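Have a look at the structure below, then the notes.
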Amino acid sequence: MSHSLVSFDFQQLQSKWSALWLQKNLYAVPSSSEKPKKYVLVEFPYPSAAGLHMGHCRNYSMMDVYSRYFRMKGFNVLYPMGWDAFGLPTYNYAMKVKRDPHEVSAENVLVFKRQLQELGLSFDWDREIDTTDPQYYKWTQWIFVQLFNHYYNAEYTREDGGKGMARPMEELQIPPEVSDEGENAVREYQDLYRLAYKAKMPVYWCPFCKSGVANEEVTAEGTHERCDTPVEKRELEQWMLRITAYADRLIDDLTMVDYPLSVKSAQSNWIGRSEGITITYPVKGTDHSVTVFTTKPETNFGATFIVAAPDSNFIKTHSDLFPNKEAVDKYVSESLRKSDIQRLAEGKTKTGVFTGMYAVNHFTGKDMPIYVSDFVLGSVGTGIVVGVPGHDLRDFDFATTMGLEVVRVIVGEDKDESFIKEKAQIIQEGTVVNSDFLNGMNADDAREKIMSVIEEKGYGKRQKNYKLRDWVFSRQHYWGEPTPMVYCEHCGWQAVSFNELPVELPRLDDYAMGEDGSSPLEKAEEWKKTTCPSCGGAATRETDVMPNWAGSNWYYVRYLDPKNDNELVDKKVVKDWMPVDIYDGGSEHVTLHLLYSRFIYKFLYDLGTVPTQEPYKVRRIHGVVLGPDGKRMSKSKGNVINPDEIVAKYGADIVRMYVMFMGPYEGNLAWSDETLNGVRRFLNRVSDRIVEKIASPAVSEDTKITIQLEVLAHRIGSDITALKFNTSIAALMEFLNAHESVSWTNKQIATFLTILAPFAPFLAEELWSQLGNSESIHLEQWPKTRENDDSGTIEIPVQINGKIKARIHVEKNMSQENVIALFIKENAQFADAVAGGKVVYVPGKILSITAQG
RNA sequence: GCCGAAGUGGUGGAAUGGCAGACACGACGGACUUAAAAUCCGUUGCCCAAAAGGCGUGAGGGUUCGAGUCCCUCCUUCGGCACCA
C-alpha cells in the first residue's frame, strides 16, 4: 500500500501516539472533579461481524471533537463507549456460522475496539461496558425484578410535586372480598397491577426470527423491522412491561428537554393520547348497554348508529342475543381470520352486518342500529364507536354503504347543511346546529358543555385514550438476558432473589431456536431446575429471554459506575453526572429506544436510583453516510466503504476530518473520494507548512496573525458547540490559505496546532512534539479567543435604493456621521441622494441610502 | 388525512435581517515532467463577444432602508404516524 498521497508518515504517528496515550491513560475521567461536568453520550454500537460502519466513524468522530473541545475548555468530560452486544445480528451471525454467540461476540468486540482506537477517539476505556457481561446484566435483571415488585399508583403525589409513581407491591390495597378468598386470589389480584406481568395475548410473531416481537417492531407494511419478514399473530404467554402507566409523564415531560421538534412530535404521536369521554347507551328492549369512546361528543345529536368491532367484548358476550345472530357470527369469524394488514389492504369499501339490536341516543331519543364492522378496531378505546356520519369520513362511508341517516350538527360560515363527503368532518370554529341546548355554540364550548352534562347525568365519564400498548418483553431466543423469574406450582411466578443475581446464560451444545418457537433455553434441563424463592420447593426457570432493548435502556447510567457490584450506580456519582448533557444518535431510534429508555429511567427515578426525571437534557440527530451512489450502504448493493481500508490508505486524521467536512451534522451525505482528496491536500499542506515554519520561525510577531488566530479560536469554538463541524474545518482551511506563505512565531504555531488538535489528534500531537513540547497537546487549554477583529480598516458596500453602487474603506469603529462624510467626499454624485434620503449605517457591514421619490 | 423537516451554482454545501454562493469538489487554461501521478498558479452562478449592465436562493404576494433568512398563499421532495373513533 502506497503512502505517497499523504506527505506525513501517518502509520508511524498513529502507532507511536496511540500507544503513548493508552500508556498514560490520557482520557481517563475522574468521577469527581472541581471542574464543571459535561456528559457527552453517543449510541453504543452492536458489534457485528462486519466491523465498524463508516457511519460510526462519522458520528463518533464528531462527538470526539466536541468532547475534546470541552475538555480543553476546562470541563470534566465523560465520553464513554460500550457494546450493545445482545443484538439480534450477532445472534443470527453466530447461528449462521454455527458457533457460540459468546465467542463470536467477544471477537467482534475486539475488532470494534481496535477500529475505534485506531481512529484516535478519546473514549475512557476504563468505563467500557458490555450488555452481555453478567456483571452488567445482573442489573438489567435487577431492574426487571423491581418492575415485577412494583405497581403504579397514578394518584400518588411525588416529592417533585408531580402525580403518579411506582410503589412497592406491599402498598397495594387488597379489597376485602379478594383477601377473603385466600392467598391465591391475593396473588392473582396483585399480578394484575405489577409493572412487569405475564399475560397470554395475541402477539406478533416473526417466522424468520422464530420469536414474538413487540408491536413497535412491526413496520407499517406488516414486516419485522429487524429482518423484513412478514409477521404473523400468535397467542403466546409473554412478559409485559406496563409502559402505558407512564404514558402521561412520557408526553408531558417532553417540555423539560431539548429535543428537535420532530423527535418530540414523533414521541407524542407514538404515545397517541386523545382526550374524550365514554358514553353508555341502553340497548332497546333489554337491560344491557353499550359503551363507546369519543373525542367529539359535541356531535352526539348527529349520532345515528353504533358500530362494534368483531373482536370486541360486546360482540363476544352478546352474540346469543342478536336477532341476526347467524349473519353476525359468519361476519365475525371471517374477519377474525384476516390480519390487520389484510383488512387495510382491502380498501375503503366498508363492510358490516346489522345485529338486529338498537341502542337509544340519550339526547335525541332516536334508535341507533348496532352494527358489527371490521373498520372498528377492538383494541382501540372500548372497541365500539358511535357513528356520526355528518362529521366523520369513515362514518360517512359506512352510512352511505348501509343507507343510514346523515344529520349535520356543525356548520361553517357558509351555514351549508348539505351532506357531501367532503363536508363530513368537524368544521374548525364551526357553529353547532340541530342540537337542542348546544345550538349556536362553537364546537369547543359545546364539547365542554355536553361532557359536563353527560357526567352529571351519569351517561359516561371523561377519559384519556392512548395508542401506546404495553411492551411485550419476552423473546424466544438464546442471545439475551435470562428473565430472572421462576415458576412454582404452589406460589406461581416468583422473582429470583437479589443474592441469586445474575441468572447467567447457560452454555448449550446447540444454540438454534426451536422450530416450534420454543426458546433454546428449554434444552438446558439442569439450568431450568431450581427452587422457589418463596416456599423452597421445586421450581422452573423462565426460558424466554429479554429483548435486545433491555440492555440499552439504562447503559448510560452504568458508565458512571461500571464496576459497582452492590448497586446499579452509586448515589453520589449519579447525582454528580446526570443528566446526559448531549445525546447524539440516529433517527431510527427516536421512537423506540428513546421512549423505552425514558420509561425505564423514569421508573428508576421513582425508585430513587437516579436523581432526575429525564435522562437526556439534549438530543440531537446526526445524518447518515451513504454510498458513493447516494444510496444507503449495503453489501447487496456493493456500495460499502470499509473504514479499515480507508484508514489504512489515508490515516485516521484525514478520515476523521473528511467525514466531518463532507456536510452538515444532520445531513445524509454520499461518500465522495474527490471531497476526501480535498481534505487530504489540506492536511498535507498543514504538515508541510508547519514543518517549514518550525524550521524557520518568525523573528518578530505579526500581530495580525495573532489576532486572526484568536478570531479563529472563537469561531471554531462556537461552531463546535453548535455541532457545525463542517464549517469549523472550512475556517481552518481559510486561515491556512490566508497565512501559509509567511512565517509564524513559535507561539502562533502552537496556537494553531492547539485549535487543530481536536480534529486531527495524531498530526497535531506529532507537530506539537516537534515544536519541542514534552507534554501531550491534548492536555492543553483552548487558546485565547476574540469575537471579531475590530481594529484597522475594512471595505464596506454602499447600497442606494437596494443596489450596491459603491465601496468605501472605513475604520471599523468609525461613527455614522464620519462614514457618510467620507462617502460623499469620495462620491460627490450621491450627495443629493444622501441629503434628501433615509440613511442607515450598520457599523462594519453596510451603508444603506434610500433616495426620496 | 395528521405531524415534522427541507427546497441556494455542474456537485457537497456557506451566509446573528446587512456584499448570496464561504470552504471544498469538479471542469477549463497554464507551470513543472520524457510521460503520468503528485504539486503549484489562474478562471469558473446565469445572460451578453467583452466591458458596462442586467438577472438570480421552488412560485406568487407582503413587512423592511435592506429578505435565502421574517409573515401569508401555493408547489415539490423527503421522513414519521394513520380506518386511533
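Bear in mind these aren't lab numbers, they're just calculated from the coordinates by the rules spelled out. None of the values given here were measured: they were computed from a predicted structure. Virtual Cβ from ideal backbone geometry, glycine too; neighbours counted across all protein chains shown.
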Worksheet item: Once amide H atoms are built 1.01 Å from N in the peptide plane, which residues 5 or more positions from A:Ile800, or in another chain, come under 5 Å H to H?
Response: A:Lys805, A:Ile849
Item to complete: Provide the per-residue ³J(HN,Hα) series for region A:796-805, in order, calculated from phi with Karplus coefficients 6.51, -1.76, 1.60 and θ = phi - 60°, each as a whole number of Hz, with x at glycine and proline positions.
Response: 10, x, 10, 9, 10, 6, x, 10, 6, 10
Fill in: Contour minus Cα-Cα distance for A:Val618 and A:Lys24 (0.36 nm per residue)
210.7 nm
Response to the item:
The local net charge around A:Met169, scoring Lys/Arg +1 and Asp/Glu -1 for residues other than A:Met169 whose Cβ lies under 11 Å from its Cβ, equals 0
Worksheet entry | Angle between chain A longest axis and helix A:325-337 axis [Cα atoms, degrees, rounded to 10] | 30 degrees
Worksheet item: Rounded to the nearest 0.05, what FRET efficiency do A:Ser268 and A:Ala730 have when you use their Cβ-Cβ distance and R0 = 45 Å?
Response: 0.75
Worksheet item: Residues with amide H under 5 Å of A:Ala359's amide H, sequence separation 5 or more or different chain, H placed in the peptide plane at 1.01 Å from N; which?
Response: A:Lys284, A:Met368, A:Ile370
Response to the item:
Relative contact order in percent for chain A (Cα pairs under 8 Å, 6+ apart) equals 14 percent
Worksheet item: Say R0 is 60 Å: what FRET efficiency, to the nearest 0.05, do A:Gln11 and A:Leu377 get from their beta-carbon distance?
Response: 0.45
Worksheet item: Listing A:Val574, A:Val742 from the residue with the fewest other Cβ atoms within 10 Å to the one with the most, what is the order?
Response: A:Val742, A:Val574
Response to the item:
With 0.36 nm assigned to each residue of separation and the Cα-Cα distance removed, A:Ala327 to A:Gln781 gains 155.4 nm
Worksheet entry | Estimated distance in nm for a label pair at A:Asp688 and A:Glu181, the labels positioned 7 Å out from Cα along Cα-to-Cβ | 8.6 nm
Fill in: Lys/Arg +1, Asp/Glu -1 at C-beta; chain A dipole; positive extreme among A:His362, A:Ser718, A:Gly162
A:Ser718
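Hey, which of these cross-link pairs are over 32 Å Cα-Cα: A:Lys338/A:Lys635; A:Lys350/A:Lys461; A:Lys563/A:Lys637; A:Lys264/A:Lys724?
Among A:Lys338/A:Lys635; A:Lys350/A:Lys461; A:Lys563/A:Lys637; A:Lys264/A:Lys724, the Cα-Cα distance tops 32 Å for A:Lys338/A:Lys635; A:Lys563/A:Lys637.
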Worksheet item: For a label point 7 angstrom out from the Cα of A:Asp252 toward its Cβ, which stretches of region A:149-176 have the backbone nitrogen within less than 20 Å?
Response: A:151-168
Discussion item. Could you list A:Thr157, A:Thr785, A:Thr299 so that the one with the fewest beta carbons within 10 Å of its beta carbon is first and the one with the most is last?
Written reply: A:Thr157, A:Thr785, A:Thr299
Practice prompt. Could you pull out every residue, at least 5 positions away or on a different chain, whose amide H is within less than 5 Å of the one on A:Val213? Hs are placed 1.01 Å off N in the peptide plane, and Pro or chain starts have none.
Written response: A:Tyr204, A:Trp205, A:Cys206
Response to the item:
Most exposed to least, judged by fewest other Cβ atoms within 10 Å, A:Glu666, A:Glu456 sort to A:Glu456, A:Glu666
Practice prompt. Determine the sum of side-chain charges near A:Asn788: Lys and Arg each +1, Asp and Glu each -1, restricted to other residues whose C-beta is under 12 angstrom from that of A:Asn788.
Written response: 0
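Please give the FRET efficiency for A:Asn434 paired with A:Asp160, using the beta carbon to beta carbon distance and R0 = 56 Å, rounded to the nearest 0.05.
Numbers: r = 48 Å, r/R0 = 0.86.
The value I calculate is 0.70.
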Fill in: Inter-site label distance for A:Lys98 and A:Glu456 at 7 Å from Cα along Cβ, in nm
7.7 nm
Practice prompt. Would you calculate, for chain A, the mean residue ellipticity at 222 nm contributed by helices, counting each DSSP H stretch of 4 or more residues as -39,500 (n - 2.57) and dividing by all residues, to the nearest 500?
Written response: -10500 deg cm²/dmol
Item to complete: Obtain the nm distance between the two label points defined at A:Asp510 and A:Thr400 by a simple spin-label model: each point lies 7 Å from its Cα along the Cα-to-C-beta direction.
Response: 5.8 nm
Item to complete: Using θ = phi - 60° and the Karplus relation 6.51 cos²θ - 1.76 cosθ + 1.60, list the HN-Hα couplings for region A:149-155 in order, rounded to whole Hz, with x at every Gly or Pro.
Response: 8, 10, 10, 10, 9, 5, 8
Response to the item:
Here region A:744-757 yields Karplus 3J(HN,Hα) values (6.51, -1.76, 1.60; θ = phi - 60°; whole Hz; Gly and Pro given as x) of 10, 6, 4, 4, 5, 4, 4, 5, 4, 5, 5, 6, 6, 3
